[in-house]
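Worksheet: one structure, shown below.
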Amino acid sequence: MLFKLLRLPLISISMAVFGFFVFSTNSAHATPLSGLNADVDGVVIATTTATTVNTTAANDATANDVRLVTDAGSAAYFGMNYFYNQLSFNIGTAGTVGVVTWEYCSAASATCTTWTALSPTDNTNSFTTAGTNSVTFSASPTPAFVTSTVFDGVARYYVRARTTTSYDAEPLATQISAIEFNVKVRVQNQLSTN
């Protein structure tokens, strides 16, 4: 009401309450890994026989509860509500032998129609290095990075790690986090036109 009396626009920033600014974060389940600012908004693992949503497990600190990829043809999809340029993985069990190719959704209608290769800096070495390591994408943010609905009906910015060489031992993650450009400012004019 004070804003209306003063004839000032009401500004809200989506992220916790700070003064008259309103902040809110995505619905996180755990504190993101050190140096990162967001839990992942969507994690889906697709093998040749099943598709599993692993978002809750990816956002908690339970050891080795996130399957990543297995055999050739399987893929791990990582989606965020906003642009991001890095994913970090706390790998509890390193995979052996396997190799992934990183791709991003570059064209979509309802679902992703085109996956385009990325050349990230992959410090996980295709999930074969244990511990906390990052995968950094130089292509984000960019207009070529589009939102799509992959599996859960929510449009997000997705990348995927697609297995090109099968793993002898399956990699398992404990937690996954991101560096997300998530400060979204919404300015609403609350002035009446009367």
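The values are calculated or read from the model by the stated rules, or taken from the named source; none is laboratory data. The structure presented is a predicted model; accordingly, all values stated were derived computationally and were not measured. When the accessible area is computed, the model is the full protein with side chains, heavy atoms only, and any ligands, DNA or RNA have been set aside. Shrake-Rupley method; radii C 1.70, N 1.55, O 1.52, S 1.80 Å.
Would you check which residues across the stretch 98-115 are farther than 27 Å from Ala169 by Cα and assigned to a strand (DSSP E or B) and list them?
Cys105, Ser106, Ala107, Ala108, Cys112, Thr113, Thr114
Inside the stretch 125-167, can you point out the residues that are charged (D, E, K, R) and either modelled with pLDDT of 95 or more or open to solvent by less than 30 Å² (accessible area, probe 1.4 Å) (or both)?
Arg156, Arg162 - these are the residues of the stretch 125-167 that are charged (D, E, K, R) and either modelled with pLDDT of 95 or more or open to solvent by less than 30 Å² (accessible area, probe 1.4 Å) (or both).
Can you confirm whether Ala57 is more than 20 Å from Tyr158 (Cα to Cα) and at pLDDT 90 or above? Even if it seems obvious, please write down each step before you answer.
On the way: more than 20 Å from Tyr158 (Cα to Cα): no; at pLDDT 90 or above: yes.
No.
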